[in-house]
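Okay, here's the structure, questions in a sec.
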Amino acid sequence: MSDVSSGDERIKEMSKVRKALMRPELGGIVGTVAVFVFFGLFAFDSGMFNAQGIMNWSVVSAQFMIIAVGACLLMISGEFDLSVGSMIGFAGMMIAIFGVTLGWPMWIAILVTFVICVAFGALNGYIVVKTGLPSFIVTLATLFILRGFTIFIPQTIERKTIIGGIREAAEGDWLAPLFGAKIGAPIFNWLGDMGIIATFERGNRMGEPVVDGIPMLMVWALGLVIFGHWLLTRTRFGNWIFASGGDADAARNSGVPVNAVKIQMFMFTAFCATVFAVCQVMEFGSAGADRGLLKEFEAIIAVVIGGALLTGGYGSVIGAALGALIFGVVQQGLFFAGVESSLFRVFLGVILLAAVILNTYIRRIITGER
Amino acid sequence: MNDPIIQMKNIQKHFGSVIALAGVSVDIRGGECHCLLGDNGAGKSTFIKTMSGVHKPTSGEIIFEGKPMNFTRPRDAIEAGIATVHQHLAMIPLMSVSRNFFMGNEPIKKFGPIRLFDHDHANEITMREMKKMGINLRGPDQAVGTLSGGERQTVAIARAVHFGAKVLILDEPTSALGVRQTSNVLATIDKVRKQGIAVVFITHNVRHAMAVGDRFTVLNRGQTHGTAMKGEITPEELQDLMAGGQELATLEGSLGGTV
Ligand SMILES: Nc1ncnc2c1ncn2[C@@H]1O[C@H](COP(=O)(O)OP(=O)(O)OP(=O)(O)O)[C@@H](O)[C@H]1O
Ligand SMILES: [Mg+2]
């Protein structure tokens, strides 16, 4: 096959730089390196890079990753979901209501919550596809509706907006550990014994390693990233996701079931939000009506930093995961470095703008527009 | 001649108050190149879109291989072996040539229950088919957006030829093509026709139509003036008909019994 392209002498070999620029992940890779170099230089002694510190920003990054994967695939398919944050609050609250207030077995509470939330995702998608309205408006409505219910329901039933006791209710359940457990405890104990990671020096956990396992949240994040990347790049369905977002009419005329693809991406986004919510309530042991606030924007920002185009049809799950990592490292890094946390928002705005400008430039190169 | 593959009977298509097609009947046979001609806005694109499942006719009947066909989406038509090159190409600039080529018809590689997009196979076919049409790609992963208008058109045509098992519909496929690519397309139409596939060829160029057409149907303001066989009509007459039918009265004789 190698001589096929050599037939036309007018075709200039693309420079390696230009070719590399065309990978959507580029911005994410450069940003990740930059962020680590920066904090490595200026905050190395802050504890950010010892076992506890690494675990700290890894967990935050993993949270961003879980919702970024959903937002990424949805954005590539040409849509947004602004209801992700409300969905997180709502899902957590449903688990508390079912599992604590109503006393259902936790696994039933979790499964029913997944079904309800994914159904809401499907409803979002269905309305967008059937009405042809921008998903921005439709999911903005869902944002308010879900948040309203998340406050109204516990207030009506329990006369409060935070419901605790979830960890106790999940005791001995077979499904809950899939979201709330930590794995690899023996390894971390061994690392602690070997002195590779620090151990507690006093208190009732004396002798135990400061990091006692990898939370399932991180396993979910990694699993979802791998699944999303595989789905997008290796399967026929992935081609349909690109096509639906690239040009829905062209895709439809070529036989791509665009509506079904978009609805399924809304459902997947809702699924990711629910995974986030279940992990969160298992960790905190409680559900609060204000959980997940602004998460939809954080997910979208991570995706855009990761090189996806807001207009759809182009992007990468790996890029989105790197965007989430940058997000997590900077947020926690500034905290470790003792920088005023409000500056994080300034950083966020600047990097978002930079990423969008870079992406537009890359898009011009790809499509040959001038 | 052999039985028609597709019979379009009294097809009407209304867009709100606009009547794009006011009852058009045409039949398409295997092994023929059926030229569809007419002025801008005559309804040619709308007509072939009812054939390729993009539009559902407001009324009328489509008989495909002897059976009434109800295409509800383009996928149905594609699965039945009808491939279309739309006037506004169904190409996605941000996607690579090979991803575009196989959009909606991705080749599958199976690993047990897992079915993957067979990229190697897709790339190979894409390069081969494009080469056949006289276009050398930089690579199968080149984005369609970086291709010239004519090159894009060629990708769309190569794709339709590859997937058009029974019917190949070309809506002004040569409008942006150079001399060499145009003659390539016309030669391809001829070759495909000889394999027994039915070709529907929309063009404004009478010379192109005359070069490959077996039968000619002229549309005018959503209606047809009938179908003429090759040899029954001269290029000049065809030209006049397309111009809007002002000289229609004098031409009716030459269209003869087929009106
Ligand atoms: N989706 C649509 N909605 C409303 N009107 C339409 C639509 N599609 C086509 N029309 C109208 O139907 C008529 C026929 O259009 P069509 O595209 O079929 O013409 P055409 O013969 O292909 O013309 P051309 O040679 O310029 O391609 C036009 O008057 C057009 O405005
Ligand atoms: Mg047309």
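The values are calculated or read from the model by the stated rules, or taken from the named source; none is laboratory data. No experiment lies behind these values; they were computed from the predicted model shown. For neighbour counting, all protein chains shown are included, and Cβ atoms are generated from backbone atoms with ideal geometry for every residue, glycine included. Calculation scope for accessible area: heavy atoms of the full protein, side chains included, ligands and nucleic acids excluded. Shrake-Rupley method; radii C 1.70, N 1.55, O 1.52, S 1.80 Å.
In the range B:137-163, what residues drop by 50 Å² or more of accessible area when the other protein chains are put back, versus the chain on its own? Use 1.4 Å, and skip ligands and nucleic acids.
At a threshold of 50 Å² (probe 1.4 Å), the residues of the range B:137-163 that become less exposed are B:ARG138.
Given a 1.4 angstrom probe, what's the average accessible area per residue across chain A, in square angstrom? Show your work: numbers first, answer last.
On the way: 16960 Å² over 370 residues.
On a per-residue basis, 46 Å².
Straight-line reach from A:LYS295: which lysines have Cα under 28 Å away, leaving out those fewer than 8 places along the same chain?
Candidates past the 8-residue exclusion: A:LYS130, A:LYS160, A:LYS182, A:LYS262.
At R0 = 30 Å, how high is the FRET efficiency between B:ILE108 and A:THR311 if r is their beta carbon distance? Nearest 0.05 is fine.
The pair B:ILE108/A:THR311 has a calculated efficiency of 0.55.
For chain A, what is the convex hull (Cα atoms) projected area averaged across all directions, in square nanometres? Let's see the in-between values first.
Details: hull surface 91.7 nm².
Here the figure is 22.9 nm², rounded to one decimal.
Which loop chymotrypsin sites (Phe, Trp or Tyr not before Pro) in the range A:290-362, with loop taken from DSSP, have no more than 11 other Cβ atoms within 10 angstrom of their Cβ?
On the way: sites: A:PHE297, A:TYR314, A:PHE327, A:PHE335, A:PHE336, A:PHE344, A:PHE347, A:TYR361; in loops: A:TYR314.
Loop-located and lightly packed - none at all.
With the full set of protein chains in place, find how many percent of the accessible area of chain A is carbon and sulfur; take the probe as 1.4 Å.
66
With springs only between Cα atoms under 10 Å, which of B:HIS225, B:HIS34, B:HIS121 fluctuates most in a Gaussian network model of chain B?
Among B:HIS225, B:HIS34, B:HIS121, the largest mean-square fluctuation in the Gaussian network model of chain B belongs to B:HIS121.
Regarding the range A:183-318, what's the average projected area of the Cα-atom convex hull, expressed in nm²?
The directionally averaged projection comes out at 11.4 nm².
To continue, here is another question. Only four residue types carry charge here, +1 at the Cβ of Lys and Arg and -1 at the Cβ of Asp and Glu. Report the dipole size of the protein assembly as shown about the Cα centre in Debye, rounded to the nearest 20.
Computed charge dipole of the protein assembly as shown: roughly 340 debye.
Another one. Mind giving me the nanometre distance, one decimal, between the label points for A:GLU208 and B:ARG128, set 7 Å out from Cα along Cα→Cβ?
6.3
Loop only by DSSP, 16 or fewer other Cβ within 10 Å of the Cβ. Give me the GluC sites (Glu not before Pro) in the range A:162-210 that pass, ordered by residue number. Walk me through the numbers before you get to the answer.
Working: sites: A:GLU168, A:GLU171, A:GLU201; in loops: A:GLU171, A:GLU201.
Of the GluC sites (Glu not before Pro), the ones in loops of the range A:162-210 whose Cβ has at most 16 other Cβ atoms within 10 Å are A:GLU171, A:GLU201.
For chain A, with a Gaussian network of springs between Cα atoms less than 10 Å apart, report the residue from A:GLU283, A:GLU79, A:GLU298 with the top mean-square fluctuation.
A:GLU283
Between A:VAL339 and B:ASP120, what is the spin-label point distance in nm, taking each point 7 Å from the Cα along the Cα→C-beta axis?
Spacing of the two 7 Å Cα→Cβ label points: 4.7 nm.
Now, a different point. Given the -39500 (n - 2.57) contribution per DSSP H run of 4+ residues, what per-residue ellipticity at 222 nm results for the protein assembly as shown, rounded to the nearest 500 deg cm²/dmol?
Per the formula, -17000 deg cm²/dmol.
Something else now. Which length gain, in nm to one decimal place, applies between A:PHE284 and A:ILE226 when the Cα-Cα distance is subtracted from 0.36 nm times their residue separation?
Working it through step by step, the gained length comes to 18.2 nm.
Right, next: Restricting to Cα pairs below 8 Å that are 6+ residues apart, what does the relative contact order work out to for chain A? Please round to a whole percent.
With pairs under 8 Å counted, the relative contact order is 34 percent.
Let me ask something else. Which of the lysines could be linked to B:LYS194 by a straight reach, that is with a Cα gap under 19 Å, when you skip same-chain ones fewer than 8 residues away?
B:LYS132, B:LYS166, B:LYS230
Running a GNM on chain A with Cα contacts under 10 Å, which residue among A:ASP212, A:ASP193, A:ASP290 ends up with the highest mean-square fluctuation?
A:ASP193
A further question follows. Below 8 Å, C-alpha to C-alpha, sequence gap of six or more: please give me the relative contact order for the range B:27-97 in percent.
23
Using a 1.4 angstrom probe on protein heavy atoms only, which residues from the range A:247-262 are buried by at least 50 Å² of accessible area when all chains are present rather than their own chain alone?
For the range A:247-262, once contacts with the other chains are taken into account, A:ASN253, A:SER254, A:GLY255 lose 50 Å² or more.
Within the range B:158-189, name every residue whose backbone N is under 17 Å away from a label modeled 7 Å from Cα of B:ASN205 along the Cβ vector.
B:158, B:170-189
Mind checking A:187-197 for the average number of partner chain beta-carbons within 10 Å of each residue's beta-carbon? Mind dumping the intermediate values first?
Details: counts 0, 0, 0, 0, 0, 0, 0, 0, 0, 0, 0.
The shielding value for this peptide is 0.
With r defined as the distance between the Cβ atoms of A:PHE144 and B:GLN223 and R0 fixed at 56 Å, what FRET efficiency is calculated, to the nearest 0.05?
That pair, A:PHE144 with B:GLN223, gives E of 0.60.
Right, next: Could you work out, for chain B, what percent of all Cα-Cα pairs fall into each 10 Å distance bin, beginning at 0 Å and stopping at the bin that holds the largest distance?
Using 10 Å bins, I get a P(r) of 7, 30, 35, 21, 7, 1, 0 for chain B.
Here's a follow-up. How many Å² of accessible area per residue for chain B, probe 1.4 Å?
Dividing the accessible area of chain B by its residue count gives 42 Å².
With a 1.4 Å probe and all protein chains left in place, how much of the accessible area of the range B:45-162 comes from carbon and sulfur atoms, in whole percent?
49
Run the quick spin-label model on A:ALA34 and B:ALA22: label points 7 Å from Cα toward the beta carbon, then report their separation in nm to one decimal.
Modelled inter-label distance: 6.3 nm.
Would you kindly state how much longer the chain becomes between A:PHE42 and A:ILE151 on full extension, computed as 0.36 nm times their sequence separation minus their alpha carbon distance, in nm to one decimal?
On the way: separation 109, 0.36 × 109 = 39.24 nm, distance 4.21 nm.
Result: 35.0 nm gained on full extension.
In addition: Leaving out ligands, DNA and RNA, calculate the buried accessible area for the pair A and B with a 1.4 Å probe, summed over both sides, in Å² to the nearest 100. Could the numbers behind the result be given before it?
Working: alone 18420 and 12310 Å², together 27820 Å².
Interface area, both chains combined: 2900 Å², rounded to the nearest 100.
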